[in-house]
Amino acid sequence: MDGTAAGGPAVNGAAPGMPPTHGLAGLLLLADSRLPAGGHAHSGGAEEACRTGAISGPEDLARFLRGRLATAGRVAAALAWSACVAAHDPKFPDMRRPNSHNTAPDGHAHAADAATAWRLLDAEADARIASPAQRLASRTQGRLLVRTAKRVWPSTALGTLAGAVPDGAHHPIALGAAAQAAGCTPAQAAMAAAYTSVTGAATAAVRLLGLDPVTVHRVLAELPLADLTDSVIAEQHDWSALPAHAAPALDLLAEQHLRTEVRLFVS
Amino acid sequence: MTKALVRARAILRTGLDDRGLTRIETMRSDPPLTLRQTAPGEIHLVSTGAGPLGGDHLRLDIEVAEGTSLTVRSIASTLVLPGTGRSLMEIHVDVASGATLVFAPEPTVLAAGCDHRMTTTIALAPDASLFWREEIVFGRHGERPGRCHSRFDATVGGRPLLRQEFVVGDPESDGSPAVFGTARCVGSTLITTETPADEPKSDPREAEVAEGVAVLPLAGPGTLVSALAADAVELRARLSWGESRVSIQADSPARATVGLRPPASRFP
Amino acid sequence: MSANHDDHHDAPDGHGRALRLGIGGPVGSGKTALTAALCRSLGPSLRLGVVTNDIYTTEDADFLRRAGVIDPDRIMAVQTGCCPHTAIRDDIAANVDAVETLEERFGPLDLVIVESGGDNLTATFSRGLADRQIFVLDVSGGDKVPRKGGPGVTSADLLVVNKTDLAPMVGADLTVMSRDAAAVREGKPVLFTSIREDRGAHSVAEWVAGIVESWRHQHSHSHLS
């Protein structure tokens, strides 16, 4: 089925007895830049970095992408992983803390609790994105992704998430919920988040600077995507302790970009 | 290299005296973390001895009681040196209802070969006020820095306000135009407003950006000034500009309902 | 594919919502001028919204706002990341979001115009975004353009050939354009305009008013199509 059989979700990839291809079809569709969810119009700071000269060729781009992956990518992967776990397992780990009022047994309180949990995870994302421009871009992409995913892979979790955060959940959270709906494991959700944290910027640089797309794909191929995803999964934090790696230059680029006259990308 | 590893825990607590003024309730120094009261409600951290050195574990606890205000500064910058293993500096802060904390020490300088970990955990009551500045300098003049991993967590009434980690000395992010660019220092100042966190997303505060510095209204009730610079002097100038923008916004008529404490004149 | 068609009509809010009209065409053919002219003539009788897809910043949206033909809040600009055709054809998410935002904010609306960024002759609107579409050419591209066809020219619900005032200067034969367009479009309408001179815009507006009327009629009843 979808990996949520008795005994809980497959949190670290394919669980015993699961076919090796489990979730891969969903992962390919989700991570494909052709997924019609608005991602093509976001450069993740690359447009502004190209404009200011911070990125002028493949070497700069490689450094930009490595740093982006180690910071925003790591945070996105961790949030997507957590969101996918939460969508798989509506018990929502952080809701069982002493102070939470989630003492009612399964029943009517369930949907309300799920909505509260989504808002809590979304607030954790908010606290990790200092720049309002980046929060806006993240929410916009999250809203569009949930809208698309709801039609492609209808699921309870996506419906609850859309209701809980109507302006749009942060993109990694939307991605985690969409991944669960698409049949992916949390590990695959984290991988998709890490991947999309760099591909949009890479494509934007190809378009804006006319870089050789093969060179840029080589740069992408050399990024430590799997290592990063593995380390995020190994940590398996409480939501409050999830990675929070900041990138001050991305914050500056995002705010400058919003104030730049000529913009081809949303962010 | 047989120096004994240092374990130190300093504690600072305020209380109200019978006239309703702030007094220092507890001031426990633990070398090398030495505390000196320099004015009413104002404490200076005086480093006695070098470091921290690799292997040292230092901890500072600050509790600002309801209705009191406290300012913490330092005499000199902190030079983090290599030693046996990783050094740790942890700071735990609690700011109660109606209380104000200004924390503005001199920068932390990461010497070559250091391996340093910093954690700061701040719990704010919903109507507490905070001014918290942190500056990290990547090595002394012309020096390549060692490694540093800092984590900063601030919550307001238990809700997350700001969580940030910085990693210096990691080949993945060093020199990345996405992270620190060509800067040699990073700094940030968190300034919280008194607004309750009921509708933080509708807050119309505008971000501002200038060369190497941005004033970033957070989703919760606070603003972060974030800066990158070539040296410590430029970093301080950029942060100060951003900090002044926050107080200007707070003083403008449109912002009168939000308000900020402490007032600009009390900012360091 | 008929499945596509069904999906389009079953799309969320497919019923009782505004007609979504796409206006596409090459750079400089007069899409924004036509949008302004439509707002001017239809504004008094229809509840309108406009989404622009500028290549550069929000220039088109600003032009419309300055033209004062529609409440500026009813104009939304969408950035397309260097690929105007992607935003109207392959990944319409941002445009659908903008249309639905306008409907939520100002609805009910009768007509939402989605003006594409200037692109080449192959650009055409997805049925998931636009219920009907107008393709705008101008004569200065040469009178062979209609014969060359392309999805915009052949399949648009209305083909507008603009800047007829320039025809003598660029040596374009309007009769040839008219004949070729009729041949490739299998009877679908073609209108010749000179928006700048205020000629022909009213007939485009009449055509639009007509499709809005039949859309409203069709969609206030049961699911017929």
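Of all the numbered requirements in (1) part of a strand (DSSP E or B); (2) surrounded by 21 or more Cβ atoms within 10 Å (Cβ to Cβ), residue B:120 misses one, and that requirement is (2). Might you let me know whether segment A:63-79 holds any residue that is in a loop (DSSP other than H, G, I, E, B), facing chain B (nearest Cβ under 10 Å) and without any contact (Cβ under 8 Å) to a residue 40 or more places away in the chain? Checked segment A:63-79: no residue is in a loop (DSSP other than H, G, I, E, B), facing chain B (nearest Cβ under 10 Å) and without any contact (Cβ under 8 Å) to a residue 40 or more places away in the chain.
For segment A:105-200, no helices (runs of 4 or more DSSP H) sit wholly inside it while including 3 or more residues that are at positive phi.
Of the residues making up segment C:129-180, those that are closer than 12 Å to residue C:192 by Cβ and in contact (Cβ under 8 Å) with a residue 60 or more places away in the chain are C:136, C:137, C:138, C:160, C:162, C:163.
Does residue C:143 meet the test of being acidic (Asp, Glu), modelled with pLDDT under 95, surrounded by fewer than 14 Cβ atoms within 10 Å (Cβ to Cβ) and farther than 30 Å from residue A:36 by Cα?
no
The residue of segment C:1-47 that is modelled with the lowest pLDDT, among those that are within 14 Å of chain A (Cβ to nearest Cβ) and touching a Gly at 6+ places or on another chain (Cβ under 7 Å), is C:8. Taken across segment B:124-139, residues that are surrounded by 19 or more Cβ atoms within 10 Å (Cβ to Cβ), out of contact with any Lys or Arg (no Cβ under 7 Å at 6 or more places or on another chain), of a type in the set (Phe, Trp, Tyr) and at pLDDT 95 or above do occur, with at least one present. Taking segment A:37-83 as the range and being buried (at least 24 other Cβ atoms within 10 Å of the Cβ) and basic (Lys, Arg) as the test, the residues that pass are A:66, A:68, A:74.
I'm checking my understanding of the structure. Among residues of segment B:148-185 that are over 23 Å from residue B:221 (Cα atoms) and outside any loop (DSSP other than H, G, I, E, B), which one is nearest to the other protein chains (Cβ to nearest Cβ)? Before you say what the answer is, go through the steps one by one.
So in segment B:148-185, the residues over 23 Å from residue B:221 (Cα atoms) come out as B:148-149, B:167-185.
Imposing the further condition that a residue be outside any loop (DSSP other than H, G, I, E, B) reduces the set to B:148-149, B:167-168, B:185.
On the way: B:148: 13, B:149: 10, B:167: 7, B:168: 12, B:185: 10 Å.
Selected residue: B:167.
Each residue in segment C:70-88 was checked for being more than 7 Å from every other protein chain (Cβ to nearest Cβ) and buried (at least 24 other Cβ atoms within 10 Å of the Cβ), and 3 of them qualify. One residue stands out among those in segment A:129-156 that are of a type in the set (D, E, K, R) and over 13 Å from the mean Cα position of the chain (by Cα): the one that is least open to solvent (accessible area, probe 1.4 Å), which is A:147.
Within segment C:166-190, restricting attention to residues that are more than 15 Å from residue C:141 (Cβ to Cβ) and of a type in the set (D, E, K, R), the residue that is surrounded by the fewest Cβ atoms within 10 Å (Cβ to Cβ) is C:186.
Pairs are defined by a Cβ separation below 6 Å, a sequence spacing of at least 6 or placement on different chains, a first member in segment A:115-142 that is at pLDDT 95 or above, and a second member that is open to solvent by 10 Å² or more (accessible area, probe 1.4 Å) and of a type in the set (S, T, N, Q); the pairs so defined are A:137/A:267.
The values are calculated or read from the model by the stated rules, or taken from the named source; none is laboratory data. No experiment lies behind these values; they were computed from the predicted model shown. Neighbour counts are summed over all protein chains in view; Cβ atoms, including those assigned to glycine, are modelled from backbone coordinates with ideal geometry. Calculation scope for accessible area: heavy atoms of the full protein, side chains included, ligands and nucleic acids excluded. Shrake-Rupley method; radii C 1.70, N 1.55, O 1.52, S 1.80 Å.
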